[in-house]
Amino acid sequence: MNYATIKFHDIANGPGVRVSLFVSGCTHHCKGCFNPETWDFDYGQPYTEEVMETILDACDHPYIRGLSLLGGEPFEPQNQQALLPLLEKFHQRYPEKNVWCYSGYDYERDMLSGRLGNWNETKKMLSLIDILVDGEFHLKEKNLSLRFRGSSNQRIIDVPKSLETDSVVLWDEASQR
């Protein structure tokens with residue numbers, strides 16, 4: 001896997017100050033995408049063990065609220081394989097912090113159905129994510145007043161509650177997970 005950039009003090013992609021990893025590779029090609037250069041799986045730099053450790057070390061500050069994964073597309077099958085060890089180590093080191101993930105894939109239609117390849121990897125990845133912003137960006141539904149998403153069709157899903165209840169539970173912003 002390659003990655004486009006790492007933001008070590010991001011305040012736009014989840015609540016609080018976060019470390020954000022922008023992965024490379026996306027097959028959605030949404031019209032109006034704010035990051036079209038990340039569609040190319042070869043864009044950016046190789047994601048290595050050293051990069052993973054840099055990200056984990058950057059999260060080791062009390063003011064860092066969590067980790068955000070964006071892209072490109074974190075749920076592309078080849079990206080899932082690379083991100084799983086990061087998510088596992090993040091949860092081991094920082095159980096009090098949360099993970100947000102942005103995906104153009106639909107939670108029910110694509111992720112839960114197993115359409116993304118290795119269902120065990122997708123299921124494990126979902127179990128390590130607290131909040132999922134799902135759905136492709138739709139230029140016709142772009143709304144700059146929305147918080148943490150670009151278009152009104154996208155949802156902010158509380159993944160643990162959704163997995164527990166077997167139905168989509170939207171994030172309660174008041175809880176500030």
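The values are calculated or read from the model by the stated rules, or taken from the named source; none is laboratory data. These numbers come from a predicted model, not from an experiment. With ideal geometry, Cβ positions are generated from the backbone for all residues, glycine too; neighbour counts draw on all protein chains shown. For accessibility, only protein heavy atoms count, side chains too; no ligands or nucleic acids. Shrake-Rupley method; radii C 1.70, N 1.55, O 1.52, S 1.80 Å.
A few comments on the model shown:
- Residue in segment 118-136 that is farther than 25 Å from Val17 by Cα, over 16 Å from the mean Cα position of the chain (by Cα) and among the basic types (Lys, Arg) present: no
- Contact map, segment 105-120: residues that are without any contact (Cβ under 8 Å) to a residue 40 or more places away in the chain paired with residues that are polar (S, T, N, Q) and surrounded by 14 or more Cβ atoms within 10 Å (Cβ to Cβ), Cβ distance under 8 Å, separation 6+ or inter-chain. Pairs shown: Met111/Ser103; Met111/Thr122; Gly114/Thr122.
- Residue selected from segment 28-49 under the condition hydroxyl-bearing (Ser, Thr, Tyr) and either open to solvent by less than 50 Å² (accessible area, probe 1.4 Å) or closer than 16 Å to Gln81 by Cβ (or both), by the criterion modelled with the lowest pLDDT: Thr38
- Total residues in segment 96-110, condition open to solvent by 30 Å² or more (accessible area, probe 1.4 Å) and either part of a helix (DSSP H, G or I) or of a type in the set (S, T, N, Q) (or both): 2
- Any hit, segment 109-127, residues being among the acidic types (Asp, Glu) and at pLDDT 95 or above: no
- Taken residue by residue, segment 73-89 has no member that is assigned to a loop (DSSP other than H, G, I, E, B), small (Gly, Ala, Ser) and open to solvent by less than 60 Å² (accessible area, probe 1.4 Å).
- Filtered residue count, segment 2-27, keeping only those that are of a type in the set (Ser, Thr, Tyr), buried (at least 19 other Cβ atoms within 10 Å of the Cβ) and in a strand (DSSP E or B): 2
- Odd one out for Tyr63, checked against (1) crowded, with 17+ Cβ neighbours inside 10 Å; (2) within 30 Å of Asn143 (Cα to Cα): (1)
- Neighbours by Cβ (under 7 Å, 6+ apart or cross-chain): first from segment 71-98, of a type in the set (Asp, Glu); second modelled with pLDDT of 95 or more and surrounded by fewer than 22 Cβ atoms within 10 Å (Cβ to Cβ): Glu88/Leu128
- Every pair of residues 6+ apart whose Cβ atoms lie under 9 Å, when the first sits in segment 133-146 and is closer than 24 Å to Met111 by Cα and of a type in the set (D, E, K, R) while the second is assigned to a helix (DSSP H, G or I) and open to solvent by less than 40 Å² (accessible area, probe 1.4 Å): Asp134/Tyr107; Asp134/Asp110; Asp134/Met111
- Residue count for segment 111-168, restricted to those that are surrounded by 15 or more Cβ atoms within 10 Å (Cβ to Cβ) and assigned to a loop (DSSP other than H, G, I, E, B): 14
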